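Visitor: Got a structure here, written out as structure tokens. Questions coming.
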Amino acid sequence: MLEGKTVLVTGGTGSFGHAFVPMTLERYKPKKLIIYSRDEMKQWDMAKRFEGNSALRFFIGDVRDRERLYRALDGVDYVVHAAATKIVPTAEYNPFECVKTNINGAMNLIDACIDSGVKRVVALSTDKASSPVNLYGATKLASDKLFIAGNSYSGEHETRFAVVRYGNVMGSRGSVIPFFMSIKDQGKLPITDPRMTRFMISLQEGVELVYTALEDMVGGEIYVKKIPSMRMEDLATAVAPEAEQHIIGIRPGEKLHEQMISAEDSLSTYEYEDYYKILPAIHNWSTDAGRIKDGQRVPEGFTYSSETNEDWMSSDALRAWIDANREKIGAI
């Protein structure tokens, strides 16, 4: 799919980009792999890590800057959209900025990709976009809808858009695992609520889902990876089994449990071996055989939620993952 092609990743210096870049360079040998982001120091650090690789390019820019996107996308075949304002409390207290990046940025990218002749675009989403209660989730739901509608908005152009949705990325910068690891020697870990559950996914699994979407997509699909859930108290036990767990209450905008497929989505959701696929209701695409392929329709009323998930990660399993990935956790 990506062999000899030009690929651009928005927000490419983030945790996803640091996994996507080496995996893509090794597996597909693209002609160019362009990192589009607004932080010059992160680009400088990333360039040093991959020094000597002639396929890698760096492009300073913001998805809010429509004109800059047009320049960056010249000659690009595929786009992975990872740029976003992601931290829930940050979005709650800076709502205008969150909207500018997550919604306006999505609209800018859709227009620029269509006009630049990009073939396929995969946008990264989140479990918080399903039945959202916080601004971050609401903006990502709007973004998902925009990318889905982009397939009809493109008219006679051949650009196609799809979305991938998953949960907590284990060990990513700013996430709970590196945070707990940084304070575990204090002997006390802050737990929002002992009942809280979250979906857990590794960066490598997230990248693989993007590859799946690029290969499989017709346009308008939302891909939902099958992943385990974990209780936050079990996560804390895995990181620091001897530490006291101090209950601090749920932060602004947080859910007790997360959801990736709602009961309303079940009407157009199909199951596959490793993932679910939510098809769009517009244009009767949810009954299109080319999009369904070998999928099996889920029961009406089906939900994919972290508290009712059949697959659970234990403290021992997470501890083994931490031991195997210790040097990478929180570093990117």
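The values are calculated or read from the model by the stated rules, or taken from the named source; none is laboratory data. Values in this document were obtained by computation on a predicted structure and should not be read as measured data. As a convention, Cβ positions derive from the backbone with ideal geometry for all residues, glycine included, and neighbour counts pool all protein chains shown.
Visitor: Go through segment 122-149 and give me each residue that's assigned to a strand (DSSP E or B) and either more than 20 Å from LEU214 (Cβ to Cβ) or out of contact with any Lys or Arg (no Cβ under 7 Å at 6 or more places or on another chain) (or both).
Guide: If the condition is that a residue be assigned to a strand (DSSP E or B) and either more than 20 Å from LEU214 (Cβ to Cβ) or out of contact with any Lys or Arg (no Cβ under 7 Å at 6 or more places or on another chain) (or both), then VAL122, ALA123, LEU124 are the ones that fit.
Visitor: Across segment 275-320, which residue is farthest from ARG198 (Cα to Cα) among those that are small (Gly, Ala, Ser), in a helix (DSSP H, G or I) and touching a helix residue (DSSP H, G or I) at 6+ places or on another chain (Cβ under 7 Å)?
Guide: SER286
Visitor: Given the criterion touching a Ser or Thr at 6+ places or on another chain (Cβ under 6 Å), over 26 Å from THR6 (Cα atoms) and surrounded by fewer than 23 Cβ atoms within 10 Å (Cβ to Cβ), identify the matching residue among SER175, SER182, SER131.
Guide: Result: SER131 is the single residue among SER175, SER182, SER131 that is touching a Ser or Thr at 6+ places or on another chain (Cβ under 6 Å), over 26 Å from THR6 (Cα atoms) and surrounded by fewer than 23 Cβ atoms within 10 Å (Cβ to Cβ).
Visitor: Can you tell me how many residues within segment 91-121 are part of a helix (DSSP H, G or I) and among the basic types (Lys, Arg)?
Guide: Residues meeting the conditions: 1.
Visitor: Any chance segment 151-171 includes a residue that's in contact with a Pro (Cβ under 8 Å, 6 or more places away or on another chain) and modelled with pLDDT under 90?
Guide: Yes: one or more hits.
Visitor: Go through segment 204-237 and report how many residues are touching a residue at least 12 places away in the same chain (Cβ under 8 Å), within 18 Å of the chain's Cα centre (by Cα) and in a helix (DSSP H, G or I).
Guide: Here the count works out to 12.
Visitor: Looking only at segment 81-90, filter to residues that are in a loop (DSSP other than H, G, I, E, B) and among the β-branched types (Val, Ile, Thr); which one of those is nearest to ILE103 (Cα to Cα)?
Guide: Ranking the qualifying residues of segment 81-90, first place goes to THR85.
Visitor: Is there any pair linking a residue in segment 41-60 that is closer than 16 Å to ALA72 by Cβ and of a type outside the set (Asp, Glu) to one that is at pLDDT 95 or above and exposed (fewer than 13 other Cβ atoms within 10 Å of the Cβ), with Cβ under 9 Å and at least six apart or on different chains, and which?
Guide: PHE58/GLU40; PHE58/TRP44; PHE59/ARG71; ILE60/GLU40
Visitor: Taking segment 1-30 as the region of interest, how many residues are of a type in the set (Asp, Glu) and either surrounded by 16 or more Cβ atoms within 10 Å (Cβ to Cβ) or closer than 17 Å to ASP74 by Cβ (or both)?
Guide: Adding up the residues that qualify gives 0.
Visitor: List the pairs whose first member sits in segment 266-277 and is more than 22 Å from VAL207 (Cα to Cα), whose second member is assigned to a helix (DSSP H, G or I), and whose Cβ atoms are under 7 Å apart, counting only residues at least 6 apart or on separate chains?
Guide: SER268/SER286
Visitor: Are any residues in segment 137-167 in contact with a strand residue (DSSP E or B) (Cβ under 9 Å, 6 or more places away or on another chain) and either among the aliphatic types (A, V, I, L, M) or over 26 Å from TYR78 (Cβ atoms) (or both), and if so, which ones?
Guide: Within segment 137-167, GLY137, LEU141, LEU146, ILE148, ALA149, ALA162, VAL163, VAL164 qualify.
Visitor: Please go through segment 31-71 and give me each residue that is surrounded by 20 or more Cβ atoms within 10 Å (Cβ to Cβ) and within 23 Å of GLY206 (Cα to Cα), ordered by number.
Guide: Once the filter is applied, which keeps residues that are surrounded by 20 or more Cβ atoms within 10 Å (Cβ to Cβ) and within 23 Å of GLY206 (Cα to Cα), segment 31-71 yields LEU33, ILE34, ILE35, TYR36, SER37, MET46, VAL63.
Visitor: Here is a further query. Quick one: PRO194 ticks every box in (1) in a helix (DSSP H, G or I); (2) over 20 Å from the mean Cα position of the chain (by Cα); (3) surrounded by fewer than 20 Cβ atoms within 10 Å (Cβ to Cβ) bar one, so which box is it?
Guide: In the conditions (1) in a helix (DSSP H, G or I); (2) over 20 Å from the mean Cα position of the chain (by Cα); (3) surrounded by fewer than 20 Cβ atoms within 10 Å (Cβ to Cβ), PRO194 misses (1) alone.
Visitor: If you check GLU254, GLU307, GLU258, GLU273, which single one turns out to be over 28 Å from SER152 (Cα atoms) and exposed (fewer than 14 other Cβ atoms within 10 Å of the Cβ)?
Guide: After applying the criteria, what remains is GLU273.
Visitor: Keeping to segment 246-266, report how many residues are hydrophobic (A, V, I, L, M, F, W, C), modelled with pLDDT of 95 or more and either over 16 Å from LYS225 (Cα atoms) or in a loop (DSSP other than H, G, I, E, B) (or both).
Guide: Residues that pass the stated criteria total 1.
Visitor: Where residues in segment 198-226 are at pLDDT 95 or above and of a type in the set (Ser, Thr, Tyr), which of them is farthest from VAL79 (Cα to Cα)?
Guide: Only one residue fits best here, namely TYR223.
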